[in-house]
Structures are given as C-alpha cells and as structure tokens.
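Data block below; observations after.
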Amino acid sequence: MKRNHVIPVVLAAALAACTEANTPGRNAAVQVSFATQAVTPPLAASLAGAVSDTIVTGTDTLILSSVEVVLREIELKRVETPDCVPDNDLCEKFEAGPVLVSLPLTPGAEQRFGLDSVPAASYREIELDVHKPDDGDPQDQAFIAANPDFAAISIRVRGTFNGQAFEFTSDLDVEQKLPLTPVLVVAQSTSINITVFVDVGTWFLVNAVVVDPASANKGGPNEGVVKENIKNSFRAFEDDDRSGSGD
C-alpha cells in the first residue's frame, strides 16, 4: 500500500485552493466506496498469500463469507472545519441515519454512497460512525425494524474456522476520523471517488496468529483485542479508479 505524507507546503497549497474554490455554484460529484482488498496485477496475484477473505497461519484457516457493518453520519470535513456537528455547513453529509454496509471481499472498491453537488473546496478528513443501533433512539427504530438481527450490534461476520461455521458479532460503537492524505482537492465539475479501506484480514489476528472468531464474541477471551483490531483497520484515500490501492 502506497503511503503519502502531508507536509506544510502541501497543506498551505490546499488551504489556498480551498479559498479560491469555495465559491457558490461550483460543485462536483463525490462518491464513497468501500474495499477490503486491492486490485492486484495477475503475476503478483499468483504469488500472493492470504487475501482478505482467507487468512491462514500455521495449520489454522479462517474463511470469511460475509462482513456487515452498521454505519451512520458519514461526513466529509473541509480543511478549515474543526469538527462535524449538526447543521455545520462546512461538512458534506453522505449518510445520516444508520445504514447496513456489506463489505466487498473481492479485489477493488464498490461504491456505496454519492453526492452530486459537493462544493469545490479542500477536504482533510472523512468521518463515519461504526454504530450499535439502540431501540430507544428514534433515529434507529426504523433501521432495527428493517434489520432486526442488528438490534444492539454493529458488526456481523460469518464464515468458517478450520472448516467449522461461525458467526461473530460485536457491539462496537466508535467514531472513526479518517484523514485524507494528501488533502483531497475537489475542483469544479470533477468526479472523485473516496475509498474507505477496511483491512478485515487483521481483525482476528492475535499476536500474528489467526484465532477462532467465536472467541471474540461478547465475553470471550479475545473480545477486547479484536475490537481494537477493528478500530485500527479503517483508512481512507482518493481512489478514482476504485482499485482499492489509492495509487
């Protein structure tokens, strides 16, 4: 994965671009996609080891068949915005209420959300909540009615561990602030894709060894470490070809 680093000169340029571009009527289309695996050239793919849906360490094999996450309040934050709060006109909102996202387990990014009129400006961060729906929250009640299996859980993973079927669930509830590096400059009449990459291949690794996901269910010995792995597995970057690599 190519990693870029922001330096003060780049940030200053982005701020200048934001000032110039932040003019009413100058809008662009921005999409948000999700990926768990980058598109790999054929030769490299033939030499690769584990992919996102199959993790092997020693004699243990974990195969993921589905990974579902409840998200809400997906917002794009401008450079000059300290935080995304209700009615903040400098945060572009892609999703407000809870939504169930099924993460792709094949190479490349799949589009999930889009806005056709994002103001031309510079954006430094995308914010999203991994959200545990609560039937006491009016915003969550319709979601729970449509997705009763996700009442009080935010994540569900299904698959097999050493050939035995498992179901892992988590009540993780956390705000994810994902920096866009370098700063994302949205220009007039452009079409841009932001990929949220979720490294699900790391979720069930404990001391570099894959564990039975059932051991990370509520009250299990690996619940805490797997929750930390999940929180640390999200990152975001511009990815206009939806390759999942950010190159």
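Scan the range 160-171 and give yes if some residue there is in contact with a Phe, Trp or Tyr (Cβ under 8 Å, 6 or more places away or on another chain), surrounded by fewer than 19 Cβ atoms within 10 Å (Cβ to Cβ) and within 29 Å of E92 (Cβ to Cβ), otherwise no. Checked against the condition, which is being in contact with a Phe, Trp or Tyr (Cβ under 8 Å, 6 or more places away or on another chain), surrounded by fewer than 19 Cβ atoms within 10 Å (Cβ to Cβ) and within 29 Å of E92 (Cβ to Cβ), the range 160-171 yields no hits at all. For R235, the conditions (1) closer than 30 Å to V118 by Cβ; (2) assigned to a loop (DSSP other than H, G, I, E, B) are fulfilled apart from (2). Screening the range 51-142 for strands (runs of 3 or more DSSP E) wholly inside it with 2 or more residues that are without any contact (Cβ under 8 Å) to a residue 40 or more places away in the chain and over 20 Å from the mean Cα position of the chain (by Cα) returns no ranges.
Has the range 36-46 got at least one residue that is at pLDDT below 85, over 23 Å from P133 (Cβ atoms), of a type outside the set (A, V, I, L, M, F, W, C) and touching a helix residue (DSSP H, G or I) at 6+ places or on another chain (Cβ under 8 Å)?
The answer is no; no qualifying residue exists.
Yes/no matrix, rows are residues, columns are (1) part of a loop (DSSP other than H, G, I, E, B); (2) under 20 Å from R112 (Cα atoms); (3) in contact (Cβ under 8 Å) with a residue 24 or more places away in the chain:
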{"site": "F166", "(1), (2), (3)": "no, no, yes"}
{"site": "L178", "(1), (2), (3)": "no, yes, yes"}
{"site": "V183", "(1), (2), (3)": "no, no, yes"}
{"site": "I192", "(1), (2), (3)": "no, yes, yes"}
{"site": "F197", "(1), (2), (3)": "no, yes, yes"}
{"site": "K218", "(1), (2), (3)": "yes, no, yes"}
{"site": "P221", "(1), (2), (3)": "yes, no, no"}
{"site": "E228", "(1), (2), (3)": "no, no, no"}
{"site": "G246", "(1), (2), (3)": "yes, yes, yes"}
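Can you work out which of the residues in the range 60-103 that are of a type in the set (S, T, N, Q) and modelled with pLDDT of 95 or more is surrounded by the most Cβ atoms within 10 Å (Cβ to Cβ)? Looking at the filtered set, the residue picked out is T61. Output the residues belonging to the range 104-125 that are crowded, with 18+ Cβ neighbours inside 10 Å and touching an Asp or Glu at 6+ places or on another chain (Cβ under 7 Å). Residues satisfying the conditions are P104, L105, A109, F113, V118. Is there a residue being without any contact (Cβ under 8 Å) to a residue 60 or more places away in the chain, surrounded by 20 or more Cβ atoms within 10 Å (Cβ to Cβ) and within 21 Å of P104 (Cα to Cα) anywhere in the range 201-216? Yes, the range 201-216 contains at least one residue that is without any contact (Cβ under 8 Å) to a residue 60 or more places away in the chain, surrounded by 20 or more Cβ atoms within 10 Å (Cβ to Cβ) and within 21 Å of P104 (Cα to Cα).
Mind telling me which of the residues S117, S122 ends up being closer than 19 Å to D83 by Cα and at pLDDT below 95?
Among S117, S122, only S122 is closer than 19 Å to D83 by Cα and at pLDDT below 95.
The values are calculated or read from the model by the stated rules, or taken from the named source; none is laboratory data. This structure is a prediction, so every number in the text was calculated from the model and none was measured. Ideal geometry is used to build each Cβ from the backbone, glycine not excepted, and the neighbour counts take in all protein chains shown.
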